[in-house]
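This structure is in structure tokens; I'll ask about it shortly.
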Amino acid sequence: MEFELRILGSSSATPSANRHPTAQLLTIGNQHHLIDCGEGTQMQLMRYKIKHQRICNIYISHLHGDHYFGLPGLLSTMHLQGRHTPLHLFGPPGLSEILSLQFKYSGTNLTFDLVFHELDTTVYQQIFEDKDITVHTIPMEHRIPCCGFLFREKPRPRPLIKEKLPAFLTHAQLVALKRGEDITDADGSLLVLNAEVTLEPKKSRSYAFCSDSRFKPDLLPHLRHVDLLYHEATFADELRERASYTYHSTAAQAAELAAAAQVRHLLLGHFSVRYKDLTPLLHEALDVFPQSSLAVEGNIFQVEEKEIVQLQMQKAE
Ligand SMILES: [Zn+2]
């Protein structure tokens, strides 16, 4: 099953000539999860040949414009193209009201169900679950209510060793073995010991998206050992004070958190427009945590068992 992140934008506050505001697409299996939707996100989806019809869920971290101004446009296009599949939208209080007003005065009656899930951004809690994954909110410390999102694969099935399987097993028993259970008879005596007929499952993968926030070391328990951690790095560390009073973080702080949480790989984003060249931010992080990359639009990060593979998206002609 694929587990990959596409970066559609990573600028903070205002777009710049080469950078769009925050938007990312996380694909797990055949489900597309859109995380934040800054201005121009639908253009970015087109540019990188991604079909927005496949998006099942949209998550908005907070109501600063650089994280959601692309949403009314994207929803409107979905409507004009006759979408029928329901769309689940997760966001802070107020978002539903903003959109309703927009649709009211444009006389829009959506062709699809927009199911709004209002988030409590102050707590760590599960907000979504399907057969493959769970999604939790991660509370951020920002000027307005703001949360990040933690995507985790559920425990993956244990592969069966076919030649060792007794012939009498039913379908239900095979499913139970894949879940890691032993097989017993009606009296409770052991028929098949799981460890003898199954292999260790592949490791479950995880992605933590930490949106706008002050440096917040108490996030650590939620981020421990995640495969991929995105953390905002609006400023270089020489502007640490400015970062603190604007409720943002520096590249070094993002790396400190990644190192303490022993994550596999760190992605930096939400860069201030003052940085034309992002190399100093990257180097600052690398000094603290060697597995760091810039989340630059067009990048794909695939989470594989042994490595994080970085690729480039193809642009439409
Ligand atoms: Zn913000």
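The values are calculated or read from the model by the stated rules, or taken from the named source; none is laboratory data. Predicted model, so just to flag it, every value in this text is computed and none were measured. Using ideal geometry, Cβ is built from the backbone for each residue, glycine included, and neighbour counts are taken over all protein chains shown. The accessibility values were calculated without ligands, DNA or RNA, using every heavy atom of the protein model including side chains. Shrake-Rupley method; radii C 1.70, N 1.55, O 1.52, S 1.80 Å.
State all residues of the range 240-252 that are in a helix (DSSP H, G or I) and more than 20 Å from the chain's Cα centre (by Cα); if no residue qualifies, say none.
Hits for the range 240-252 are Arg240, Glu241, Arg242, Ala243, Ser244, Tyr245, Ala252.
Out of all the residues in the range 254-284, which are crowded, with 19+ Cβ neighbours inside 10 Å, within 20 Å of the chain's Cα centre (by Cα) and assigned to a helix (DSSP H, G or I)?
Within the range 254-284, Ala254, Ala255, Leu257, Ala258, Ala261 meet the criteria.
Can you find a residue in the range 82-91 that is in contact (Cβ under 8 Å) with a residue 12 or more places away in the chain, closer than 30 Å to Ser244 by Cβ and more than 16 Å from the ligand (Cβ to nearest atom)?
Yes, the conditions are met somewhere in the range 82-91.
Ok, one more. Taking the range 20-67 as the search range and keeping residues that are among the charged types (D, E, K, R) and either within 17 Å of Ser211 (Cα to Cα) or in contact with a His (Cβ under 6 Å, 6 or more places away or on another chain) (or both), which one is farthest from the ligand (Cβ to nearest atom)?
Keep residues of the range 20-67 that are among the charged types (D, E, K, R), which gives 36, 39, 47, 49, 51, 54, 66.
Those still in the list that are either within 17 Å of Ser211 (Cα to Cα) or in contact with a His (Cβ under 6 Å, 6 or more places away or on another chain) (or both) too: 36, 39, 54, 66.
Details: Asp36: 10, Glu39: 14, Arg54: 28, Asp66: 7 Å.
Taking the candidates together, the pick is Arg54.
If I ask for residues that are more than 15 Å from Thr246 (Cα to Cα) and touching a Phe, Trp or Tyr at 6+ places or on another chain (Cβ under 8 Å), which ones from the range 269-282 would you list?
Those that are more than 15 Å from Thr246 (Cα to Cα) and touching a Phe, Trp or Tyr at 6+ places or on another chain (Cβ under 8 Å): Gly269, Leu278, Leu281.
With respect to Pro157, is the statement that it is within 30 Å of Asn194 (Cβ to Cβ) and either assigned to a strand (DSSP E or B) or touching a helix residue (DSSP H, G or I) at 6+ places or on another chain (Cβ under 6 Å) (or both) true?
It is true that Pro157 is within 30 Å of Asn194 (Cβ to Cβ) and either assigned to a strand (DSSP E or B) or touching a helix residue (DSSP H, G or I) at 6+ places or on another chain (Cβ under 6 Å) (or both).
All but one of (1) part of a strand (DSSP E or B); (2) assigned by TED's automatic domain parsing to the domain that holds Phe301; (3) away from the ligand (no atom under 16 Å from the Cβ) hold for Phe209, so report the exception by its number.
(3)
Hey, does the range 116-136 have a residue that's open to solvent by 40 Å² or more (accessible area, probe 1.4 Å), assigned by TED's automatic domain parsing to the domain that holds Ser206, under 30 Å from Ser272 (Cα atoms) and of a type in the set (A, V, I, L, M, F, W, C)?
Looking through the range 116-136, at least one residue is open to solvent by 40 Å² or more (accessible area, probe 1.4 Å), assigned by TED's automatic domain parsing to the domain that holds Ser206, under 30 Å from Ser272 (Cα atoms) and of a type in the set (A, V, I, L, M, F, W, C).
Being assigned by TED's automatic domain parsing to the domain that holds Ile35 and modelled with pLDDT under 95, is that true of even one residue in the range 55-62?
There is no residue in the range 55-62 that is assigned by TED's automatic domain parsing to the domain that holds Ile35 and modelled with pLDDT under 95.
Please verify whether the range 31-45 includes one or more residues that are modelled with pLDDT under 95 and within 23 Å of Asp227 (Cα to Cα).
Within the range 31-45, one or more residues are modelled with pLDDT under 95 and within 23 Å of Asp227 (Cα to Cα).
Can I ask one more? Within the range 149-172, restricting attention to residues that are more than 30 Å from Ala23 (Cα to Cα) and charged (D, E, K, R), which residue is least open to solvent (accessible area, probe 1.4 Å)?
Going through the range 149-172, the residues more than 30 Å from Ala23 (Cα to Cα) turn out to be 157-172.
With charged (D, E, K, R) added as a condition, the list becomes 158, 162-164.
Numbers: Arg158: 49, Lys162: 163, Glu163: 155, Lys164: 121 Å².
Once the filter is applied, the top-ranked residue is Arg158.
Scan the range 164-183 and give yes if some residue there is more than 16 Å from the ligand (Cβ to nearest atom) and within 30 Å of Ala233 (Cα to Cα), otherwise no.
The answer is no, given that none of the residues of the range 164-183 is more than 16 Å from the ligand (Cβ to nearest atom) and within 30 Å of Ala233 (Cα to Cα).
Separate question: Quick one: in the range 24-45, which of the residues that are touching a helix residue (DSSP H, G or I) at 6+ places or on another chain (Cβ under 8 Å) and closer than 21 Å to Lys276 by Cβ is least open to solvent (accessible area, probe 1.4 Å)?
Gly38
Looking only at residues in the range 173-206 that are outside any strand (DSSP E or B) and touching a residue at least 40 places away in the same chain (Cβ under 8 Å), which one is surrounded by the most Cβ atoms within 10 Å (Cβ to Cβ)?
Out of the qualifying residues, it is Arg205.
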